[in-house]
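What follows is a short report on a single structure.
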Amino acid sequence: MTDQTLVRIVLASRPEGTPVPENFRIERATVPSPADGEILLKVRYLSLDPYMRGRMSAAKSYAAPVEIGAVMEGGTVAEVIDSRHHDFAVGDIVLSYSGWQTHALSNGEGLRKLAPSAAPVSTALGVLGMPGFTAWAGLLIIGKPQPGETVAVGAASGAVGSAVGQIARIKGARAVGIAGGASKCAFVRDELGFDQVVDHRAPDFAEQLVTACPDGVDVYFENVGGAVWDAVFPLLNPFARIPVCGLIAQYSSTGPFEGPDRLPTVMRQVLAKSLTIRGFIQREFADQRPIFYREMAGWIESGQVKYREDVVEGLENAPQALIGLLEGRNFGKLLIEVS
Ligand SMILES: NC(=O)c1ccc[n+]([C@@H]2O[C@H](COP(=O)([O-])OP(=O)(O)OC[C@H]3O[C@@H](n4cnc5c(N)ncnc54)[C@H](OP(=O)(O)O)[C@@H]3O)[C@@H](O)[C@H]2O)c1
């Protein structure tokens, strides 16, 4: 196995605005051998996620940026193909954070063994992994949907949004999804069972959203920002909760945002309507993960939560796939099938 070639994708330069393929570089190296206490991983699936845009930038954030020339970060599902570690055997499948490369050494720290008989291993990167947990924690701990309330969520066909709407319905709330384009909207309504869905690309998007939310919005799970926020904000009911999970419409913005300063208007409504706006990063709730795994596995088993994966073959296609994600070209949880 050691005569194989390791392929990795490194950050070649920092993007200005929307990332381009030239921001990435493919490199090749010899597959390393594990030392005592180490294992060698062969990556099967790499998860592509919106936060990766943030890691490409040097701007101060909640996590350190990827250095120029370093391997792009990312969660993976990998197989142990060589082991000199007593806790891991050849053939074990693990969840790891080995990044955009075909092989990696690990000392076992931070790995979680997966049971392929329990669920398809790719789900550890999606509905049963970080995005599913983000939906569960943000909605239930911050959003606290009550029976009969209306929960609105953008990027509704994606990894996080699809779970948010389905969990809202399990809790007896009405789920209103916002998605881009007719086929994503049909999927959200007909396959995932959301009560209503609105296409944010429609010219009369804001009017359609009003019709879809006749009783206003009690929980707005913010994934997007921008025009979607603008349309939802006037519909918020008194005491609405807004878990701020992501602002994907803004991730590639450069410089100050255009337009009038709307903060005074927003703050007036925060006060007048007693709104709760709370940003969060999913790992803040890490101690709740065992409860999430149990609940989500049960909902998948019973068919109450469905999921869709968008699997792109080949590590070399990861840069284009990430660029596509930031433009809404993915349809479901975006994964690279590495091997
Ligand atoms: N806080 C946390 O800990 C945490 C953890 C995970 C994810 N997140 C955030 O959750 C959000 C969803 O992530 P995900 O992994 O589930 O991604 P995803 O929904 O699977 O994919 C991203 C989707 O965002 C939508 N989008 C992109 N640009 C947009 C724009 N300008 N306006 C409106 N929609 C746009 C597109 O869907 P449409 O074609 O339907 O517009 C695109 O398919 C992101 O903001 C992400 O950063 C936060």
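Any chance you could count how many residues in region 40-67 are part of a loop (DSSP other than H, G, I, E, B) and in contact (Cβ under 8 Å) with a residue 60 or more places away in the chain?
Residues flagged as part of a loop (DSSP other than H, G, I, E, B) and in contact (Cβ under 8 Å) with a residue 60 or more places away in the chain within region 40-67 amount to 4.
Closer than 24 Å to F88 by Cβ, of a type in the set (V, I, T) and in contact (Cβ under 8 Å) with a residue 40 or more places away in the chain - does that describe any residue in region 126-149?
Looking for residues that are closer than 24 Å to F88 by Cβ, of a type in the set (V, I, T) and in contact (Cβ under 8 Å) with a residue 40 or more places away in the chain, one finds none in region 126-149, hence no.
If I go through region 143-196 residue by residue, how many of them are open to solvent by 30 Å² or more (accessible area, probe 1.4 Å), within 12 Å of the ligand (Cβ to nearest atom) and out of contact with any strand residue (DSSP E or B) (no Cβ under 9 Å at 6 or more places or on another chain)?
1
This table checks each residue for (1) in contact with a strand residue (DSSP E or B) (Cβ under 8 Å, 6 or more places away or on another chain); (2) of a type in the set (A, V, I, L, M); (3) under 25 Å from L335 (Cβ atoms).
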residue	(1), (2), (3)
F239	yes, no, no
G246	yes, no, yes
Y251	no, no, yes
G259	no, no, no
I277	yes, yes, no
I281	no, yes, yes
F285	no, no, yes
G298	no, no, yes
K306	no, no, yes
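When you go through S302, S339 one by one, which is the residue that is at pLDDT below 95 and either more than 14 Å from the ligand (Cβ to nearest atom) or among the hydrophobic types (A, V, I, L, M, F, W, C) (or both)?
Answer to the check: S339.
Only one of these conditions is not met by D230: (1) within 15 Å of the ligand (Cβ to nearest atom); (2) of a type in the set (D, E, K, R); (3) within 19 Å of R174 (Cα to Cα). Which number is it?
Every condition holds for D230 apart from (3).
Give the residues of region 313-325 that are farther than 20 Å from A156 by Cβ and without any contact (Cβ under 8 Å) to a residue 40 or more places away in the chain, sorted by residue number.
Selection gives E313, G314, N317.
Restricting to region 68-78, count the residues that are open to solvent by 40 Å² or more (accessible area, probe 1.4 Å) and touching a Leu at 6+ places or on another chain (Cβ under 7 Å).
Looking only at that region, the number is 1.
Does region 319-332 include one or more residues that are assigned to a strand (DSSP E or B), within 21 Å of M72 (Cα to Cα) and modelled with pLDDT of 95 or more?
So far as region 319-332 goes, no, none of its residues is assigned to a strand (DSSP E or B), within 21 Å of M72 (Cα to Cα) and modelled with pLDDT of 95 or more.
Within region 25-65, work out how many residues are open to solvent by less than 20 Å² (accessible area, probe 1.4 Å) and more than 16 Å from the ligand (Cβ to nearest atom).
Matching residues across region 25-65 total 6.
This table checks each residue for (1) touching a His at 6+ places or on another chain (Cβ under 6 Å); (2) at pLDDT 95 or above; (3) more than 16 Å from the ligand (Cβ to nearest atom); (4) open to solvent by 70 Å² or more (accessible area, probe 1.4 Å).
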position	(1), (2), (3), (4)
P260	no, no, yes, yes
S274	no, yes, yes, no
D287	no, yes, no, yes
G298	no, yes, yes, no
G314	no, yes, yes, no
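Residue check, L334 against (1) of a type outside the set (F, W, Y); (2) within 16 Å of the chain's Cα centre (by Cα); (3) over 19 Å from G132 (Cα atoms), all met but one. Which one?
(3) is the only condition that L334 fails.
Just name the residue that is nearest to F280 (Cα to Cα) out of those in region 197-243 that are of a type outside the set (A, V, I, L, M, F, W, C) and open to solvent by less than 20 Å² (accessible area, probe 1.4 Å).
Looking at the filtered set, the residue picked out is P243.
Residue by residue through region 7-39, note down the ones that are of a type outside the set (S, T, N, Q), more than 27 Å from the chain's Cα centre (by Cα) and not in a loop (DSSP other than H, G, I, E, B).
R28, A29, I39
The values are calculated or read from the model by the stated rules, or taken from the named source; none is laboratory data. These numbers come from a predicted model, not from an experiment. Please note: Cβ atoms are built from the backbone with ideal geometry, for glycine as well, and neighbour counts cover all protein chains shown. Just so you know, the surface numbers come from the protein's heavy atoms only, side chains and all, with ligands and any DNA or RNA stripped out. Shrake-Rupley method; radii C 1.70, N 1.55, O 1.52, S 1.80 Å.
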